[in-house]
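The structure appears below as structure tokens.
Just so you know, all these numbers are worked out from the coordinates, no wet-lab data involved. Here the structure is a predicted model, which means the values were calculated and not measured. Note that each Cβ is placed from the backbone with ideal geometry, even for glycine, and that neighbours are counted across all protein chains shown.
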Amino acid sequence: MRSPDGLRHLGRVASALVLLALLVAPASAHRLKVFASAIGGNIEGEAYFVGSGPAADISVTLRDNAGKPLQTGMTGADGRFALPVSATGDVQVIVDAHDGHIARFTVAGDAAAPPAAPPSPEGAAAPAAAPAQATVPLAEIELAVARKVAPLAEQIDALESSLRLRDIIGGVGYIVGLFGLLAFVKSRRKGDAA
């Protein structure tokens with residue numbers, strides 16, 4: 001049988017680990033995140049603190065592949081921003097809360113480039129009559145799709161980064177399970193020795 005002092009020590013260690021696990025949750029819930037996408041000739045996005053809402057009035061910097069600043073601005077009260085950009089390569093979005101919280105997001109170069117006008121062949125004659133169907137330029141379609149998809153991508157990113165109660169309970173259960181296994185192994189060793 002285990003001595004009362006050994007059980008008290010094991011209880012103290014388990015309590016300390018559970019308390020430590022509960023203290024980690026608020027710290028990770030204050031992490032700064034940013035999501036951005038290219039819409040038209042702008043980089044639009046949102047900066048937010050995981051678990052506590054939008055990151056209002058913080059600086060936003062757009063940089064090219066070489067790290068050269070392209071644009072700077074601020075987020076609004078809702079954490080959103082929109083900055084014009086005409087870069088052809090990848091654009092890195094950096095948000096800085098100036099209190100140690102910095103987040104980065106890279107917008108792919110093909111998405112950040114401004115939409116190009118379709119090439120017109122030289123010497124091509126103008127059509128005699130307008131077609132019966134109205135055609136929508138590809139750039140307008142891409143812009144409409146980007147505006148519809150961007151909020152969904154933001155939601156996915158927010159869900160992936162949020163710490164949920166089930167994650168905390170699972171972590172505590174894992175720790176308790178390890179202590180249970182350790183106690184079982186120790187009790188078996190003492191039983192074999194006796």
What is the sum of charges, Lys and Arg at +1 and Asp and Glu at -1, for the other residues whose Cβ falls under 13 Å from the Cβ of Gly180?
+2
Calc'd 3J(HN,Hα), region 171-180, phi into Karplus 6.51 cos²θ - 1.76 cosθ + 1.60 (θ = phi - 60°), Hz, glycine/Pro = x, comes to x, 5, x, 5, 5, 4, x, 5, 5, x
Can you tell me how region 36-96 classifies by the Cα gyration tensor, rounded, prolate or oblate, using a/c under 1.5 as the rounded cut?
prolate
Inter-label distance, nm, simple model (7 Å from Cα along the C-beta direction), Ala56/Thr135:
4.8
Separation of the His101 and Leu181 label points, Cα + 7 Å toward Cβ, nm:
3.7
Inter-label distance for His9 and Met74, nm, one decimal - labels placed 7 Å from Cα along Cα-to-Cβ:
5.8
